[in-house]
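Chemist: Take this structure, written in structure tokens, and hold onto it; I'll ask about it next.
The values are calculated or read from the model by the stated rules, or taken from the named source; none is laboratory data. From a predicted model like this one, the values you see are computed outputs, not experimental measurements. Neighbour counts run over all protein chains shown; Cβ positions are idealised from the backbone, glycine included. Heavy atoms of the whole protein, side chains included, go into the accessibility calculation; ligands, DNA and RNA do not. Shrake-Rupley method; radii C 1.70, N 1.55, O 1.52, S 1.80 Å.
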Amino acid sequence: MAETPPNRILLVPVDDTEENERALEWALENIHKQGDLVQFLHVVHHSHFTSVVQQSEQQEEILVDQAHNWIQERFTHTCDQIGASYKVLVLKGTTDADSIGQNICHQAEHAGVAIVVMAAHNKGRQIKFIVGSVTQYCTKHCSKTVLVMH
């Protein structure tokens, strides 16, 4: 029997901050409806070095597995408590703010996402200027609705 597709997909990019937990909780209380799918997204660093390809690939797979397990432990119990369906997606890529933002926007556009739920991280203006902001990138470039929790 074929699996029923979700009504909507709520994309929730996550990192290891409490702001992400609060954004998820808010989204589940205020946006999520029965039949929706919560899709967690995290990007781990992808090595572009070719000299130690075998070791790098193994290390990357370990990072992917660790990130997947960490998301399961930190975020999915909130979905389990209300019976919300979820999927964990860990991508390998460059981990600067713009690149992560590009990955989020690409996933949102190609997976039929209804809304991207993000947490604002309270970085100072100087840090935002130097390292950038994933949230800022997504609000400017994503073709899907981006909700930012402050």
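Chemist: Give me a count of the residues in region 7-54 that are more than 20 Å from Leu91 (Cβ to Cβ), at pLDDT below 90 and not in a helix (DSSP H, G or I).
Modeler: Qualifying residue count for the region: 3.
Chemist: Quick check: anything in region 74-82 open to solvent by 90 Å² or more (accessible area, probe 1.4 Å) and outside any helix (DSSP H, G or I)?
Modeler: No; the residues of region 74-82 include none that is open to solvent by 90 Å² or more (accessible area, probe 1.4 Å) and outside any helix (DSSP H, G or I).
Chemist: Still on this structure, I have one more. If Thr135 passes every condition in (1) open to solvent by 50 Å² or more (accessible area, probe 1.4 Å); (2) assigned to a helix (DSSP H, G or I); (3) in contact with a strand residue (DSSP E or B) (Cβ under 9 Å, 6 or more places away or on another chain); (4) at pLDDT below 95 but one, which one does it miss?
Modeler: With (1) open to solvent by 50 Å² or more (accessible area, probe 1.4 Å); (2) assigned to a helix (DSSP H, G or I); (3) in contact with a strand residue (DSSP E or B) (Cβ under 9 Å, 6 or more places away or on another chain); (4) at pLDDT below 95 applied to Thr135, the lone miss is (1).
Chemist: Tell me, which residue of region 8-23 that is within 11 Å of the chain's Cα centre (by Cα) and buried (at least 21 other Cβ atoms within 10 Å of the Cβ) is farthest from Asn69 (Cα to Cα)?
Modeler: The qualifying residue farthest from Asn69 (Cα to Cα) is Leu10.
Chemist: So, one more: Residues of region 138-147 being open to solvent by less than 40 Å² (accessible area, probe 1.4 Å) and among the β-branched types (Val, Ile, Thr), which ones?
Modeler: Val146
Chemist: Working only within region 85-102, note down all residues that are polar (S, T, N, Q), surrounded by fewer than 18 Cβ atoms within 10 Å (Cβ to Cβ), farther than 22 Å from Gln34 by Cβ and modelled with pLDDT of 90 or more.
Modeler: Listed by number, the list holds a single entry, Ser99.
Chemist: Name the single residue that is nearest to Glu25 (Cα to Cα) among those in region 103-122 being small (Gly, Ala, Ser) and open to solvent by 40 Å² or more (accessible area, probe 1.4 Å). Step through it out loud before you land on a result.
Modeler: Just the residues of region 103-122 that are small (Gly, Ala, Ser), to begin with: 108, 111-112, 114, 119-120.
Checking the rest, the ones that are also open to solvent by 40 Å² or more (accessible area, probe 1.4 Å) come to 112, 114.
Numbers: Gly112: 22, Ala114: 17 Å.
The extreme case among them is Ala114.
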